[in-house]
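The values are calculated or read from the model by the stated rules, or taken from the named source; none is laboratory data. Just so we're clear, the structure is a prediction, and the values are computed from it rather than from any experiment. FYI the Cβ positions are ideal-geometry reconstructions off the backbone, even for glycines, and counts take in every protein chain you see. Surface accessibility is based on the protein's heavy atoms, side chains included, excluding ligands, DNA and RNA. Shrake-Rupley method; radii C 1.70, N 1.55, O 1.52, S 1.80 Å.
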Amino acid sequence: MHPLTVPADTRDEFPAGDLSGFRSPVTRILLASDGLTTVLLQALTRSALTPQVDGIEMTPGKHVEATARGLLRLATDGACLVRRTRLVSRNGEVVSANIVTARAGQDARIDAAMQDRTRPIGFAFAAAGLPMSRHISRIGLTSWPQAPDTPCAFKAYTLNADDRPWAYIRELFSPRIVPPGVRTEAAAAGERA
C-alpha cells in the first residue's frame, strides 16, 4: 500500500451543483449526496469498509490546504487537527482516500472523533452527537493517490452547525468503484441532437 498523499490541486473542477459532466449515474449520485457517503460506498462494494488511518496530526492553520483554511476561517497560527484516512474493503481494496480538517481545541467531541481510529469519520462524528449539516463546496477530478497518473472523482464539503463550518472533508473515490469519466463537448452535443 502506498501512503496517502492527496493532491491539493484538481485537474478539473465543476460547480458543486453541476454533475452533468460525469457520464456515470453512480458517480453523479455519490457526488450529489449530502450524507451517507460511506454507506453508499459499502452498497457499491457490497463490503463493510474499514478506515486505515494514515495520520492524525496537530498543525497550524498555515499548513492546511488553502480551501480548508478559508472555509473554516482558520487563523494561520490556529491549531488544527488533520486526519488522513483510506476506506478499505474486506479484500483490501482502497475505496476512498480522505482528508478531514477541523479546528482543534474548540469542542472536545470533535477532537475525540478526529482521533478515533476505529470508525469512518462520519460514523465517529455521528457517534459523538455532532451536527452533520453538509454543504458541498467542490466536485471534480484529481489524481488517484494509489496511481497518480489515473484520474478520480472527488468531492469536498463542510460540516456545519448553525451555518458555520466546523470541519472540511475532501473525499477522493477509487476510479474502479466510482467511474471518473466525463462527457466531452462533442458527446454532449450528440446527446442534444
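In a fully extended conformation the segment linking V26 and I136 would gain 37.9 nm over its present Cα-Cα distance, using 0.36 nm per residue. Between G61, G35, G122, the Gaussian network model of the chain with springs among Cα atoms under 10 angstrom shows the greatest mean-square fluctuation at G35. A 1.4 Å probe, protein heavy atoms only, puts the accessible area of E57 near 80 Å². Label point of A161 set 7 angstrom out along Cα-Cβ; within segment 102-123, amide nitrogens under 13 Å from it belong to 103-113. Surface analysis of the chain yields an accessible area of 48 Å² per residue, using protein heavy atoms and a 1.4 Å probe. Simple spin-label estimate for S47 and K62 gives 4.2 nm between the two label positions (7 Å along the Cα-to-Cβ direction from each Cα).
Charged neighbours of D111, selected by a Cβ distance under 12 Å, balance to +1 (K, R count +1; D, E count -1).
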